[in-house]
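A quick write-up on the structure given underneath.
The values are calculated or read from the model by the stated rules, or taken from the named source; none is laboratory data. The shown structure was predicted, so the numbers you read here are calculated from the model rather than taken from an experiment. Cβ: placed from backbone, ideal geometry, glycine included. Neighbour counts: every protein chain shown. Just so you know, the surface numbers come from the protein's heavy atoms only, side chains and all, with ligands and any DNA or RNA stripped out. Shrake-Rupley method; radii C 1.70, N 1.55, O 1.52, S 1.80 Å.
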Amino acid sequence: MPTPQHPPADDGVEPTPNPMTGSLERILPEATLARLTQYLRALNTLQSQGQTRTSSGLLATEAGVNPSILRKDLSQLGSYGTRGVGYVVTELAEHISKAMGLTQQWRVAIIGAGNLGRALSGYGGFRSRGFEVVALLDAAPDVIGSKVGELTVADTKDLAMVLASTEANIAVLSVPGAAAQSLCDKVVECGVRSILSFAPVVLQVPEGVNLRKVDLATELQILAYHAQNIV
């Protein structure tokens with residue numbers, strides 16, 4: 001799983017959604033956030049099947065969690081499910097989306113146009129979830145200027161100009177470890193405060209910057225450990 005840059009807050013006080021944006025006044029625990037994405041995916045599936053209402057039991061089954069955990073998670077959002085009636089699918093999906101900031105416009109710049117960067121730039125699931133890939137950058141002369149889908153690979157030397165012109169507010173680093181920290185620093189200097197890193201190194205960012213790391217090799221190693229213990 002992606003690792004967070006900062007520890008989650010858990011003071012026992014339920015957060016209050018902002019009435020305008022739906023965002024919460026404090027950071028939810030990472031485990032809760034992960035499950036909220038599962039609930040949202042399950043709700044989207046139910047909606048595609050023509051379901052207008054769902055119970056906590058059915059939604060929990062679709063999301064693969066315990067119903068009591070689901071109810072506790074939703075209560076942290078100030079959710080309004082009705083006993084004996086359940087939840088309105090579209091309303092609950094919108095409620096979760098607002099709380100997670102998914103109704104805002106997120107513009108993603110991918111730095112690193114190798115195999116991973118190209119694959120990420122072409123993933124259609126981003127746009128349907130509110131994320132638009134607006135830029136793809138690389139430092140290799142033979143890659144700069146090439147077309148990847150609808151994007152033209154820009155030079156990382158022009159990072160500041162590209163981030164400003166595209167109004168990117170999320171950066172994805174899919175670069176070798178040796179280049180990751182310097183590029184991360186440049187992204188932060190350009191005002192981007194949300195970074196997802198696939199680089200195989202630990203990055204340092206200043207306070208106020210959200211950094212998440214995805215280490216595929218580590219996930220495979222953990223999977224191998226569990227696999228060898230399956231009876």
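Can you work out which of the residues in segment 84-113 that are among the polar types (S, T, N, Q) and part of a helix (DSSP H, G or I) is farthest from LEU183 (Cα to Cα)? Before you say what the answer is, go through the steps one by one.
The first filter runs over segment 84-113 and keeps only residues among the polar types (S, T, N, Q), leaving 90, 97, 103-105.
So of that shortlist, the ones also part of a helix (DSSP H, G or I) come out as 90, 97.
On the way: THR90: 40, SER97: 30 Å.
Only one residue tops the list, namely THR90.
Specify the residue that is farthest from the chain's Cα centre (by Cα); the eligible residues are those in segment 76-104 that are open to solvent by less than 20 Å² (accessible area, probe 1.4 Å) and at pLDDT 90 or above.
Taking the candidates together, the pick is VAL89.
Restricted to segment 139-151, and to residues that are without any contact (Cβ under 8 Å) to a residue 12 or more places away in the chain and either among the aliphatic types (A, V, I, L, M) or part of a strand (DSSP E or B) (or both), which residue is least open to solvent (accessible area, probe 1.4 Å)?
Taking segment 139-151 as the starting set, the residues that turn out to be without any contact (Cβ under 8 Å) to a residue 12 or more places away in the chain are 141-142, 144-145, 147, 150.
If we keep only those that are either among the aliphatic types (A, V, I, L, M) or part of a strand (DSSP E or B) (or both) as well, we get 144, 147.
Numbers: ILE144: 55, LYS147: 125 Å².
Filtering first and then ranking leaves ILE144.
Looking at THR52, THR103, THR82, THR61, which is the one that is more than 28 Å from ARG212 (Cβ to Cβ) and in contact with a Ser or Thr (Cβ under 9 Å, 6 or more places away or on another chain)?
On the way: THR103 fails: more than 28 Å from ARG212 (Cβ to Cβ); THR82 fails: in contact with a Ser or Thr (Cβ under 9 Å, 6 or more places away or on another chain); THR61 fails: in contact with a Ser or Thr (Cβ under 9 Å, 6 or more places away or on another chain).
Result of the check over THR52, THR103, THR82, THR61: THR52.
Being modelled with pLDDT of 95 or more, of a type in the set (A, V, I, L, M) and either within 17 Å of the chain's Cα centre (by Cα) or not in a helix (DSSP H, G or I) (or both) is true for just one of VAL172, VAL231. Which residue is that? So that I can check it myself, show each step before the final result.
On the way: VAL231 fails: modelled with pLDDT of 95 or more.
Step by step, each of VAL172, VAL231 is checked, and only VAL172 is modelled with pLDDT of 95 or more, of a type in the set (A, V, I, L, M) and either within 17 Å of the chain's Cα centre (by Cα) or not in a helix (DSSP H, G or I) (or both).
In the set ARG107, ARG53, ARG41, which member is more than 30 Å from VAL134 (Cα to Cα), among the charged types (D, E, K, R), surrounded by 13 or more Cβ atoms within 10 Å (Cβ to Cβ) and modelled with pLDDT of 90 or more? Spell out the reasoning first.
Values: ARG107 fails: more than 30 Å from VAL134 (Cα to Cα); ARG41 fails: more than 30 Å from VAL134 (Cα to Cα).
None of the others qualify; the one that does is ARG53.
Specify which of the listed residues (LEU136, LEU211) is buried (at least 18 other Cβ atoms within 10 Å of the Cβ), in contact (Cβ under 8 Å) with a residue 40 or more places away in the chain, assigned to a strand (DSSP E or B) and within 19 Å of the chain's Cα centre (by Cα).
Working: LEU136 fails: in contact (Cβ under 8 Å) with a residue 40 or more places away in the chain.
Result: LEU211 is the single residue among LEU136, LEU211 that is buried (at least 18 other Cβ atoms within 10 Å of the Cβ), in contact (Cβ under 8 Å) with a residue 40 or more places away in the chain, assigned to a strand (DSSP E or B) and within 19 Å of the chain's Cα centre (by Cα).
Consider LEU116 carefully, then state whether it is outside any loop (DSSP other than H, G, I, E, B), at negative phi and open to solvent by 20 Å² or more (accessible area, probe 1.4 Å). Before you say what the answer is, go through the steps one by one.
Numbers: outside any loop (DSSP other than H, G, I, E, B): yes; at negative phi: yes; open to solvent by 20 Å² or more (accessible area, probe 1.4 Å): yes.
Yes: the conditions hold for LEU116.
Confirm whether GLY177 is within 29 Å of ALA93 (Cβ to Cβ) and open to solvent by less than 90 Å² (accessible area, probe 1.4 Å).
Working: within 29 Å of ALA93 (Cβ to Cβ): no; open to solvent by less than 90 Å² (accessible area, probe 1.4 Å): yes.
For GLY177, the condition - within 29 Å of ALA93 (Cβ to Cβ) and open to solvent by less than 90 Å² (accessible area, probe 1.4 Å) - is not met.
Return yes when LYS157 is open to solvent by 40 Å² or more (accessible area, probe 1.4 Å), modelled with pLDDT of 95 or more and under 20 Å from ALA199 (Cβ atoms) and no when it is not.
In short, yes.
For the condition touching an Asp or Glu at 6+ places or on another chain (Cβ under 9 Å) and among the hydroxyl-bearing types (Ser, Thr, Tyr), what is the one hit in SER146, SER128?
Values: SER128 fails: touching an Asp or Glu at 6+ places or on another chain (Cβ under 9 Å).
It is SER146.
Tell me which helices (runs of 4 or more DSSP H) are completely within segment 28-83 and hold 2 or more residues being within 17 Å of LEU102 (Cβ to Cβ), or say none if there are none. It would help to see each step written out before you state the result.
Details: elements: 30-48, 56-63, 67-75.
In segment 28-83, 30-48, 67-75 are the helices (runs of 4 or more DSSP H) which contain 2 or more residues that are within 17 Å of LEU102 (Cβ to Cβ).
Scan segment 121-133 for residues that are open to solvent by 30 Å² or more (accessible area, probe 1.4 Å), modelled with pLDDT of 85 or more and assigned to a helix (DSSP H, G or I) and jot them down.
PHE126
Any idea which of (1) in contact with a strand residue (DSSP E or B) (Cβ under 6 Å, 6 or more places away or on another chain); (2) open to solvent by less than 60 Å² (accessible area, probe 1.4 Å); (3) more than 23 Å from GLY122 (Cα to Cα) is the one VAL187 doesn't satisfy?
For VAL187, the failing item is (3).
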